[in-house]
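The values are calculated or read from the model by the stated rules, or taken from the named source; none is laboratory data. It should be emphasised that the depicted structure is a prediction, and the values quoted were computed from it without experimental measurement. Here the Cβ is made from the backbone with ideal geometry for all residues, glycine too, and neighbour counts use every protein chain on show. Side chains are part of the model used for accessible areas, which takes the heavy atoms of the whole protein and leaves out ligands, DNA and RNA. Shrake-Rupley method; radii C 1.70, N 1.55, O 1.52, S 1.80 Å.
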Amino acid sequence: MSRQLGFDTLQIHAGARPDPATGARQVPIYQTTAYVFRDADHAAALFNLQEVGYIYSRLTNPTVSALAERIAALEGGAGAFCCSSGHAAQVMALFPLMQPGTNVVASTRLYGGTVQQLTNMIKKFGWSAKFVDFDDLAALEAAVDDNTRAIFCESIANPGGYITDIPAVAKVAAKVGLPLIVDNTSATPYLCRPIELGATIVVHSTTKYLTGNGTVTGGCVVDSGTFDWSASGKFPSLSAPEPAYHGLKFHEALGGMAFTFYGIAVGLRDLGMTMNPQAAHYTLMGIETLSLRMQRHVENAQKVAAWLEADPRVEVVTYAGLDSSPYKSRVPTVCPKGAGALFTFGVKGGYDVAVKVVGALELFSHVANLGDTRSLVIHPASTTHRQLTPEQQAASGAAPNMLRVSIGIEDAKDIIADLDQALTKAGG
Ligand SMILES: *Cc1c(COP(=O)(O)O)cnc(C)c1O
């Protein structure tokens, strides 16, 4: 078939073909570490990247490759590789771009763990991050300096309620000649397609909606294949002879696949943050129903957010699908199929009532996760955002009375009834 396949078809078929050895229709779990070379020439061609094939599962594995190809297709990217977690994917996205002394300009509205990673961990690599309010495009542009190598944001931002104006941010990135990396975990490619909106690279925690049922951790990095890595001289790992790969000039040799091949051949080879085939299997199973689940997640989130907003015990609801949200106007362009299912609400009565609500919920699970079929709740100020300063907590929407919910695909009536009884018990 030469016609462009639709999303619902790609989520089932992209990257998969009947197993050439057995005809197995589902993608087999290739539970193997290594692959037999046909002969010495074949081995040499694989190591030279002259032939694409399998060498060792730290680099690539057929089950994991099927998943990478599927996510690349869903995001409209040129290539992708999978990692052991979403956090691994973030490091792996930056790795080809950064050198000691370089920085990334990042949005203040990010997953708490990402703020931590970009604030402290990356300093050990000699990298740093500058955090800016991405609604202030002038401040974003002003934060870029000669050592900036990337701009980083989330599409629908954790802990929820915020939508990044990706087309506007992409315009700034293009003006300053830098790649835009978008974490599309909370939106998924069903709701948001960052590459079509101007992003260079998309990262995912496949742990969340892509797997969908809270079984495995994983990550993915997708490259659009469109960035000119040689234009500025700022990306020597991709444009200059790479000493870590016998002097190969990745961009010259591999064009639009340079970033992906670098991520595998140098990044995964040397850092080893590889996805295992069992994890890829679970995610391949989950991703087949992504669009169906996301439709129900959004439908339920819309109902639950509207109910909470009308409840006198609730002070504020930050769901971008509500008319009261300052970000609702971004939904039609950034995430036309809905504002996701992750949002926060603030209870009257502050920290104490918020903690009591969490304790009284019965259907909701109190966990540090999101994007499960089950409804989930967490109190960010005492958990995921605990290690942030009060200023960072406030900037990322995690004030003491705020609860973050990830609305599942149960009956909306049951989700609402659970919130109702918990608010009553908490006396808010
Ligand atoms: C969970 C999450 C991450 C980190 O992913 P892990 O798979 O837990 O390492 C990064 N970004 C966002 C938006 C997330 O929700």
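Structure summary
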| item | result |
| --- | --- |
| Residue in the stretch 193-205 that is out of contact with any Asp or Glu (no Cβ under 6 Å at 6 or more places or on another chain), assigned to a loop (DSSP other than H, G, I, E, B) and within 11 Å of the ligand (Cβ to nearest atom) present | no |
| Qualifying residue in the stretch 80-97 (condition: open to solvent by less than 10 Å² (accessible area, probe 1.4 Å), over 30 Å from residue 177 (Cβ atoms) and within 16 Å of the ligand (Cβ to nearest atom)) | no |
| Failed criterion for residue 312 (all others in (1) farther than 22 Å from residue 422 by Cα; (2) outside any helix (DSSP H, G or I) hold) | (1) |
| Count of residues meeting criterion [open to solvent by 10 Å² or more (accessible area, probe 1.4 Å) and touching a residue at least 24 places away in the same chain (Cβ under 8 Å)] in the stretch 405-416 | 5 |
| Residue among 169, 132 that alone is open to solvent by less than 10 Å² (accessible area, probe 1.4 Å) and either of a type outside the set (Lys, Arg) or touching a Gly at 6+ places or on another chain (Cβ under 9 Å) (or both) | 169 |
| Looking only at the stretch 206-234, and only at residues there that are aliphatic (A, V, I, L, M) and within 16 Å of the ligand (Cβ to nearest atom), the one that is surrounded by the fewest Cβ atoms within 10 Å (Cβ to Cβ) | 216 |
| Options 211, 217; residue that is in a loop (DSSP other than H, G, I, E, B), in contact with a strand residue (DSSP E or B) (Cβ under 9 Å, 6 or more places away or on another chain), in contact (Cβ under 8 Å) with a residue 12 or more places away in the chain and of a type outside the set (A, V, I, L, M) | 217 |
| Of residues in the stretch 145-158 being out of contact with any Leu (no Cβ under 7 Å at 6 or more places or on another chain) and more than 16 Å from the ligand (Cβ to nearest atom), the one most open to solvent (accessible area, probe 1.4 Å) | 146 |
